Amino acid sequence: MCQRWDSQTPHGHTRTPANYPSSGLEHAQNYCRNPDNATRIWCFTMDPMKRWEWCDVPVCGWLERSPDWLIEATPNNRYPGCHGPDKVLDDNYTTYWNPISEQRSWYIIFDFAVTYNLSKIGVSNYGDTSHDISTFHFQTSEKRKTETRETNKTGESVADPYDWEDVLMVTDVVARTCKLQEFGGFSATGRFWKLNITKTHGAWQPWLREVTFFGARAQHVNDPEPTAESHLPK
């Protein structure tokens with residue numbers, strides 16, 4: 001945790017709003033700042049044994065996706081080797097996910113491996129009125145309670161290993177276009193993310209070309225040991 005810039009406790013210092021006007025300290029409270037043109041933003045800490053630390057602030061943008069993020073999806077019961085859910089992460093608009101299934105709702109679960117903050121999701125439909133999705137909801141879970149789903153004797157799932165929280169509900173995805181459609185207006189944090197498709201414009205299963213995510217890795221602070229050459233605020 002950072003010390004307020006207008007406070008001298010637990011560390012006395014000269015980086016005050018009065019000494020560094022127009023440097024962003026006037027209303028900085030205890031947020032990370034860079035009043036003296038260091039290599040990046042930093043702050044004094046609330047730890048009496050540690051004077052200061054660098055801050056690592058993520059930059060938001062469309063994430064570079066990995067097929068490894070895909071960990072679970074509605075199965076393709078007829079042709080499991082074709083049109084898999086990994087197609088929505090391959091950055092190839094000539095491929096698409098086709099969950100051939102008797103189910104009337106479909107899902108994909110992504111594991112980002114680390115926690116991310118997201119504020120938008122983008123989807124690219126196939127481009128027709130039979131398979132283009134019209135309604136979906138987006139969920140997140142910070143952790144997974146168990147490694148696998150519990151099933152009954154017939155193999156049906158009876159317990160979800162995630163603690164899903166609703167993030168976004170969309171009911172107006174446009175059909176007859178394969179252009180990326182962006183949906184925002186939310187801010188959510190999690191490692192696991194679930195796309196639930198509940199309706200298509202036709203009576204068929206969805207054909208989905210791409211799914212993209214806008215955000216950044218959750219903020220954390222790097223704590224390198226200072227050296228004699230380090231920029232050491234006084």
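Any read-out appearing in this document is the output of simple, stated calculations on the displayed coordinates, not a laboratory observation. Given the structure is predicted, the values throughout are model-derived calculations rather than measurements. FYI the Cβ positions are ideal-geometry reconstructions off the backbone, even for glycines, and counts take in every protein chain you see.
For the chain, the spherically averaged projection of the C-alpha convex hull amounts to 17.2 nm². To the nearest whole percent, what portion of all C-alpha pairs in the stretch 58-100 is separated by more than 11 angstrom? Of the Cα pairs, 67 percent sit more than 11 Å apart.
Taken over the Cα atoms of the stretch 1-55, the convex hull encloses 66 Å³ per residue. Each of C43, C2, C82, C60 has some number of other Cβ atoms within 10 Å of its Cβ, and from fewest to most they run C82, C60, C2, C43. Loop-located trypsin sites (Lys or Arg not before Pro) in the stretch 80-127 (DSSP state not H, G, I, E or B) with no more than 16 neighbouring Cβ atoms inside 10 Å: R104. Beyond 26 Å in Cα-Cα separation lie the following of the pairs K143/K199; K145/K199; K179/K199: K143/K199; K145/K199. Spin-label model, D56/T94: points 7 Å from Cα along the beta carbon direction are separated by 3.9 nm. Each of T39, P17, A28 was placed along the dipole of the stretch 1-50 (beta-carbon charges, centred on the mean Cα), and the one lying farthest toward the positive end is T39. Taking 4.7 Å between beta carbons as the limit, the unpaired Cys residues of the chain are C60, C82, C178. Since only T146, H201, F183 are under comparison, the one whose Cα sits farthest along the positive direction of the charge dipole of the stretch 61-217, derived from C-beta charges on Lys, Arg, Asp and Glu, is H201. Taking the number of Cβ atoms within 10 Å of each Cβ as an exposure proxy, the fewest-first ranking of R15, R176 is R176, R15. With a cut-off of 13 Å on the backbone N, the residues of the stretch 127-144 near the modelled label site 7 Å out from D111 along Cα-Cβ are 143-144.
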